[in-house]
Structures are given as C-alpha cells and as structure tokens.
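This report concerns only the one structure given below.
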Amino acid sequence: MAVSIFHRATGDGLAIVGTLALLWWLGAMASGADAYGAFIACAGGIVGKVILVGLSWAFFQHLFSGLRHLVLDTGAGYELKTNKMFSILVFVAAIVATAALWGFIFMETI
Amino acid sequence: MSERTGIAKVASGGTELGRVRGLGSAREGTGHFIHQRLTAVGNLALFLWLIVSLVRLPLADFATMREWLGSPLAAVPMILLIISVFWHIRLGLQTLIEDYVHSDAPRILALVIVNFYCVAGAAFGIFSVAKIAFTATAAVTGVPA
Ligand code: HEM
C-alpha cells in the first residue's frame, strides 16, 4: 500500500535532512548572531523555503501515517473499506495541514 | 530437548515462555518495537509543541530566539525532543538498513554510522541548548558566560 512506503520515505527523509536542519539551527543559535544570521538567510531564501515546505509536508505525512500505524497496532482498522478510507485520509490530512501551516505563516508575515 | 522441572527449570533460564520472550532473530525485537512506538508518541507531543512555538516566534530575531530557548520552559522540552527524535531515527534507520542491506560487512558499517550519527547528533543538539540556557542565566545575573 502506498501509504506505508510513504511512511518509510518521509521518515528517512526527515531523519537525514530534518535532523541536520535542526542541528544547524540549534548550533547556529548557540554560536552567535552571525552564525544565526547565516542560517536565517539560507532558510529564508527560495531554496531554504522549498526545503522547509518539503520537510513540513514530510512531517505531517509521517505524523498521520504514524498515527495510522498506532491504530492498526491495537488490532483495529483492518476491514478493507475502513483501511482504504484511512489511507486516503492520511494523504489528504497531510496536504491540508501543510497548506494550513504555510497559510498561517504567510498571513502572519504580511 | 530434555525435560526439566522445579529448580532445574528456573536455573536453565525460566519457563518455556520466559525463555522465548523478547527473543526474535535479533534477540531484542519486542524492545525495538515498543521503543519505536514510545518515541513516536514522544515525537508527536514534542514536535507539535515546537511547531506551535515557532509560528508564534520572530524567527529572524536572534536576541528574542536566544531568550526563548534559554528559558527552562523551552530548553527542557527541546532537550527531550532531541532525545526522542534521535532515539526514534536510530531505531527507524536500523530497520531500513536491516531490510535492504543483506551482506554482513556493509550492513555492520551502515549500522555503526547510524549509531555514531545519532549519538553525536543528540550530544551536539543537547550541548547547544544547554549552552544557550546556561549563558542566558549568566546574562540575567550579570555573571559573564
Ligand atoms: C510526529 C510524530 C511521529 C509519529 C507518530 C511517528 C510514528 C512512527 C511509527 C509508528 C514508526 C514505526 C513504523 C513501523 O514499525 O513500520 C515510525 C518509523 C520511523 N520514523 Fe517516525 N514518527 C513520528 C515522527 C518522526 C520524525 C520527526 C522522524 C525523523 C526526524 C521520524 C523518522 C522515522 C523513521 C526513519 C522511521 C523508520 C521507517 C521505516 O523504515 O519503516 N519519525 N514512525
């Protein structure tokens, strides 16, 4: 099922790109104003924004399919129709959450 | 297998069930599964906290960001987040490697790299937060960092 390969791909993408971004952000903040400014310049540029939007989508996709995993672990949701409905819901919820997040950020900054 | 009873059974490692519990091919399958899920729940709570905090902060303002992360109410959850996420990906990337890398030497090398990255990454992240938090206190009390 597509949703489980997406769970793996987004988890691995977040694990590599996401944690490096997190460490860069924290390390820059710890080093001082110049290093932090350099981080903000990269993150706020067009490439940085594309990466951040991608990371946030991967995060929400992984979050919702992770929740699906946890529900399935309890033994619930294996009925074919229910299972298919939840899989589709995961993709929709991830896109809606990503759009809502960036919509909110956009509204805040203007 | 010879049948043992009483004290002999206990000495040989417990009951039948006790001996197989947690013994998958890697001898720790159940623990891996449970920790993956515990850290998933930790990630869920801590990353929602981080996102809600970030959208309300002036991200480009260095002084305000330092002040925020320097307070215990942000530094402590951030350290917990670092622990939770690096533990989660250590387990997750281990699964990935065991699924796709089948020959011994490359698999062991990849697992070593993942373990080193996760431990070093977590140490670096926690150190950064600690440095910010401790120098923030120094700034307030007037003691130089
Ligand atoms: C938001 C909360 C999160 C939840 C609810 C969650 C849930 C899960 C669950 C249940 C699994 C196990 C899947 C399985 O056993 O097949 C998993 C795997 C994984 N997660 Fe997460 N996760 C979360 C956040 C993250 C984050 C932030 C990262 C990376 C920075 C991440 C990286 C991974 C990786 C690499 C795997 C292994 C994927 C695989 O090989 O199948 N997760 N996650």
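The values are calculated or read from the model by the stated rules, or taken from the named source; none is laboratory data. Just so we're clear, the structure is a prediction, and the values are computed from it rather than from any experiment. Backbone-built Cβ (ideal geometry, glycine too); neighbour counts: all protein chains shown.
At pLDDT 95 or above, within 14 Å of the ligand (Cβ to nearest atom), of a type in the set (D, E, K, R) and surrounded by 15 or more Cβ atoms within 10 Å (Cβ to Cβ): does that describe residue B:37? So that I can check it myself, show each step before the final result.
Details: at pLDDT 95 or above: no; within 14 Å of the ligand (Cβ to nearest atom): yes; of a type in the set (D, E, K, R): yes; surrounded by 15 or more Cβ atoms within 10 Å (Cβ to Cβ): yes.
No, not satisfied.
Tell me, please, whether a residue that is of a type in the set (D, E, K, R) and either surrounded by 12 or more Cβ atoms within 10 Å (Cβ to Cβ) or within 14 Å of chain B (Cβ to nearest Cβ) (or both) can be found in the range A:75-83.
First, the residues of the range A:75-83 that are of a type in the set (D, E, K, R): A:79, A:81.
Then drop every residue that is not either surrounded by 12 or more Cβ atoms within 10 Å (Cβ to Cβ) or within 14 Å of chain B (Cβ to nearest Cβ) (or both), which leaves none.
Checked the range A:75-83: no residue is of a type in the set (D, E, K, R) and either surrounded by 12 or more Cβ atoms within 10 Å (Cβ to Cβ) or within 14 Å of chain B (Cβ to nearest Cβ) (or both).
Counting only residues that are more than 9 Å from chain A (Cβ to nearest Cβ) and either acidic (Asp, Glu) or without any contact (Cβ under 8 Å) to a residue 40 or more places away in the chain (or both), how many does the range B:38-49 have? Reasoning before the result, please.
If we filter the range B:38-49 for residues that are more than 9 Å from chain A (Cβ to nearest Cβ), which is where we start, we get B:38-39, B:42, B:45-46, B:49.
Still in the running and either acidic (Asp, Glu) or without any contact (Cβ under 8 Å) to a residue 40 or more places away in the chain (or both): B:38, B:45-46, B:49.
Residues flagged as more than 9 Å from chain A (Cβ to nearest Cβ) and either acidic (Asp, Glu) or without any contact (Cβ under 8 Å) to a residue 40 or more places away in the chain (or both) within the range B:38-49 amount to 4.
Could you check residue B:135 against (1) of a type outside the set (D, E, K, R); (2) free of Cβ contacts under 8 Å to residues at least 12 places away in the same chain; (3) at the interface with chain A (Cβ under 10 Å from one of its Cβ atoms) and say which number it fails?
All conditions are met except number (2).
So for the range B:55-62 (the condition being buried (at least 16 other Cβ atoms within 10 Å of the Cβ) and either assigned to a helix (DSSP H, G or I) or within 17 Å of the chain's Cα centre (by Cα) (or both)), does at least one residue qualify?
If we filter the range B:55-62 for residues that are buried (at least 16 other Cβ atoms within 10 Å of the Cβ), which is where we start, we get B:59, B:62.
Now narrow it down to the ones that are either assigned to a helix (DSSP H, G or I) or within 17 Å of the chain's Cα centre (by Cα) (or both): B:62.
Scanning the range B:55-62, I find at least one residue that is buried (at least 16 other Cβ atoms within 10 Å of the Cβ) and either assigned to a helix (DSSP H, G or I) or within 17 Å of the chain's Cα centre (by Cα) (or both), so the answer is yes.
Residue B:82: under 30 Å from residue A:29 (Cα atoms) and at pLDDT 95 or above, yes or no? So that I can check it myself, show each step before the final result.
Numbers: under 30 Å from residue A:29 (Cα atoms): yes; at pLDDT 95 or above: yes.
Yes.
Taking the conditions exactly as written (surrounded by 17 or more Cβ atoms within 10 Å (Cβ to Cβ) and closer than 30 Å to residue B:61 by Cα), does residue A:43 satisfy them or not? Outline the logic, then answer.
Working: surrounded by 17 or more Cβ atoms within 10 Å (Cβ to Cβ): yes; closer than 30 Å to residue B:61 by Cα: yes.
Against the criterion (surrounded by 17 or more Cβ atoms within 10 Å (Cβ to Cβ) and closer than 30 Å to residue B:61 by Cα), residue A:43 qualifies.
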